[in-house]
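To start, the structure itself, in C-alpha cells.
No lab work stands behind these numbers, since they all come straight from the coordinates. Here the structure is a predicted model, which means the values were calculated and not measured. Here the Cβ positions follow ideal geometry from the backbone for every residue, glycine too, while neighbour counts run over all protein chains shown.
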Ligand SMILES: Cc1cc2nc3c(=O)[nH]c(=O)nc-3n(C[C@H](O)[C@H](O)[C@H](O)COP(=O)(O)OP(=O)(O)OC[C@H]3O[C@@H](n4cnc5c(N)ncnc54)[C@H](O)[C@@H]3O)c2cc1C
C-alpha cells in the first residue's frame with residue numbers, strides 16, 4: 001500500500017505514531033484502503049495562479065465548502081494533509097464487504113446528508129442491526145441478558161423517554177441550540193451520569209446511560225447532559241432519535257466524497273499538511289510543511305478542532321478555540337471495531353453501560369457462515385481492536401460462546417490529523433464554546449462537523465458546516481467586491 005498514513009505521522013512531527021498502531025488489524029487489508037480505490041485518478045497537482053480561497057482539510061466539511069465556493073465562481077485550492085480524501089469518512093473492505101473505518105450510519109431525516117444523497121443519486125441500504133434486529137443483548141447490574149427485539153424495546157424505551165422528558169423545553173429549536181441559554185447553561189453543568197443516577201432502578205439507569213452516552217462516543221461521566229439532549233433534539237425528539245441513523249451508503253462514504261470532488265470544480269493537493277496560517281500581510285498566507293506557500297483572499301479551515309493547536313496562527317488563534325483543541329474536547333478517544341463472528345446468527349443489537357469496553361454492537365452484514373458486527377466503546381486503549389482474541393473477550397460480555405474469526409479497527413485518537421473520533425462534548429463545552437468555535441477570525445473561516453449547528457459529530461453536521469461557511473465566505477468576498485466599486 002502507498003505510505004500515506006506513515007508519511008502523515010512523520011509530517012505531523014509527532015513521534016511514536018506507527019502505521020500499525022493506528023490501523024489495528026487493517027494491515028491485512030492494506031491494499032484495499034480507499035486511498036487507491038474510489039479516489040484514484042483525481043488530480044494531485046498544484047496551481048500556478050493564486051486561488052481566491054484556500055480550503056484546508058478534505059473531509060465532508062472541506063470538500064463541500066470547496067465545491068460550493070467553486071460553483072459560485074471562486075478559484076479554490078484545497079490542501080489535505082493525508083494521502084487520501086475523506087478524513088473521518090474512510091471506506092475500505094473487510095471480510096469481502098464494504099467497511100467503514102469512520103462514519104457509517106445516516107438517516108434519511110438528516111436534511112443536508114439527504115440532499116447529497118439525492119444530488120448524486122446514491123443508493124442507501126438499511127443496517128440490519130439498527131433497523132431490524134431480531135435478538136437484543138444487554139448488560140445490567142453486571143449481568144448479561146438477551147431477549148427477542150420486541151421484548152427488549154418494551155423495557156428499553158420507557159427510561160429513555162423519561163431521561164429526555166424536558167428536551168423540547170430546553171432545546172425548542174434544534175438549529176439554534178442556545179436559544180434557551182439559561183436552561184442550557186444549567187444543564188451543561190451536569191454530565192449524563194449525573195442525571196442517570198436519579199432514575200429509580202439499575203436497569204433504567206443502565207439503559208439511559210447507554211442511549212444518552214454512546215452516540216457521543218464517551219462514557220456517561222464524560223458526556224455533557226446538554227450536548228446529549230441537543231443531539232436528541234437534532235434528530236427531532238426521542239422517538240425519532242430511537243429510530244435513529246439506521247442506513248448506510250451502499251458504495252460507502254468515500255464514494256460520496258468522490259462524487260463531491262468530481263463535481264467540485266476545485267483543485268486539491270494531497271499530502272500537504274498545513275503548518276501555518278498568516279494574516280499579517282495582504283490576504284492570508286498558508287504554508288505547508290514542505291515550506292511551500294499559498295496566498296488567497298480567504299481561508300476555510302476544515303480540519304478537526306482537536307488539530308487546531310498544531311497550526312501556527314498569526315495573529316494567534318482565539319483562546320477559546322485553542323482551549324478546546326488543546327483539551328481534545330471536540331473528539332473522543334473511543335474504540336471502533338468491526339468483527340466477523342463465526343456461525344449463522346440472526347441480526348443483533350447489543351447495548352451495555354457506557355463505561356464498558358464496548359457499549360454498542362450491531363450486525364451490519366450476514367454472510368454464509370458468519371456475520372459482521374460493528375462495535376463502539378468509550379476508550380480505544382482499553383483493548384486491542386485489531387486482535388481477534390481481545391475483541392472476542394469483550395464481545396463475550398454479552399454472548400458467552402461467541403467466536404471472533406477476524407477483526408479490524410482504526411485508532412482515530414492516534415491519527416495525528418484527527419486526534420479523536422467524532423465530536424461529543426463533555427460537560428460545559430456546548431454552552432461555553434459553541435459560538436466561539438464557529439466565529440471567523442479575520443479572513444479565516446471555520447468549518448467542521450465538530451462545530452456544526454446541529455448533528456455535531458455526524459457527517460450531516462460536517463456537510464451543514466461546509467454549506468454554511470461557503471455561504472459566509474461568499475457573502476464576505478462579495479461585499480468586499482462591492483465596496484471596492
Ligand atoms: C469511528 C467513527 C465513527 C463515526 N460514525 C459516524 C456515523 O455513523 N454517522 C455519522 O454521520 N458520522 C459518524 N462519524 C463522524 C463523522 O465521520 C464526522 O463527524 C465527519 O466525517 C467530520 O467531517 P469533517 O470534514 O468535519 O472532518 P474530517 O472528516 O476529520 O476532515 C478533516 C480533514 O482535515 C485534514 N487535516 C487535518 N489537519 C490538517 C492539516 N494541518 N493540513 C491539512 N489537512 C489537515 C484531515 O486529514 C481530514 O482529511 C464517525 C466518526 C468516527 C471517527
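Pop the C-beta distance of residue 132 and residue 312 into the FRET formula with R0 = 56 Å and round what comes out to the nearest 0.05. Don't skip to the end; give the middle numbers.
On the way: r = 50 Å, r/R0 = 0.90.
The value I calculate is 0.65.
Give me P(r) over segment 323-384, computed from all C-alpha to C-alpha distances, binned every 5 Å, as integer percentages.
For segment 323-384, the pair-distance distribution reads 4, 18, 21, 18, 16, 11, 5, 3, 2, 1.
Return the whole-Å distance between the Cα centroid of segment 55-71 and the Cα centroid of segment 103-144.
If we compute the Cα centre of each part, the gap is 26 Å.
Pop a pseudo-label 7 angstrom from the Cα along the beta-carbon direction at both residue 120 and residue 479 and give the gap in nm to one decimal.
For the pair residue 120/residue 479, the computed spacing is 3.3 nm.
With 16 Å as the cut-off, how large is the P(r) tail for segment 211-292, expressed as percent of Cα-Cα pairs?
Details: 2422 of 3321 pairs.
Looking at segment 211-292, the distances longer than 16 Å represent 73 percent of pairs.
Quick one: Cα centre-to-centre distance for segment 419-463 and segment 231-268, in angstrom?
17
How big is the shadow of the Cα convex hull of segment 425-472, averaged over all directions, in nm²? Intermediate results must be reported in sequence, preceding the final value.
Values: hull surface 12.8 nm².
Projected over every direction and averaged, the Cα hull of segment 425-472 covers 3.2 nm².
Can you tell me the orientation of helix 429-438 relative to the chain, as the angle in degrees between its alpha-carbon axis and the longest Cα principal axis, to the nearest 10?
30
Neighbouring Cβ atoms within 10 Å as the yardstick, rank 248, 181 fewest first.
Numbers: 248 22, 181 11.
In order of increasing Cβ crowding within 10 Å: 181, 248.
Could you check the simple spin-label distance between residue 393 and residue 151, using points 7 Å along Cα→Cβ, in nm with one decimal?
3.1
What does segment 378-485 give for Rg and for Dmax, in Å, if only its C-alpha atoms count?
20.7, 75
Regarding segment 270-425, what is the average projected area of its C-alpha convex hull, in nm²?
For segment 270-425, averaging the hull's shadow over all directions gives 11.5 nm².
In whole Å, what is the distance between the alpha-carbon centres of segment 348-411 and segment 157-203?
Going from one Cα centre to the other spans 29 Å.
How high is the FRET efficiency from residue 49 to residue 262, r the C-beta distance, R0 35 Å, rounded to 0.05?
Here the calculated transfer efficiency is 0.95.
Of the beta bridges DSSP finds with both residues in the chain, what % are antiparallel, to the nearest 5? Write out the running numbers ahead of the final one.
Working: 46 of 67 bridges.
Bridges in the chain are about 70 percent antiparallel.
Per the Kirkwood definition applied to all pairs of different Cα atoms, how many angstroms is the hydrodynamic radius of segment 91-157? Write out the running numbers ahead of the final one.
Values: mean 1/r = 0.0671 Å⁻¹.
One over the average 1/r among Cα pairs gives 14.9 Å for segment 91-157.
Translational diffusion coefficient of the chain at 25 °C, 0.890 mPa s, Stokes-Einstein with Kirkwood Rh over Cα pairs, in µm²/s as a whole number. Mind showing how you got there, number by number?
Numbers: Rh = 22.7 Å.
Calculated translational D: 108 µm²/s.
Treating the angle as unsigned and between 0 and 90°, give the value, to the nearest 10°, between the Cα long axis of helix 459-483 and the longest Cα principal axis of the chain.
So the helix axis and the longest Cα principal axis differ by about 20 degrees.
Along the Cα→Cβ direction, 7 angstrom out, place labels at residue 161 and residue 292. What is the inter-label distance in nm?
Distance between the two pseudo-spin positions: 5.9 nm.
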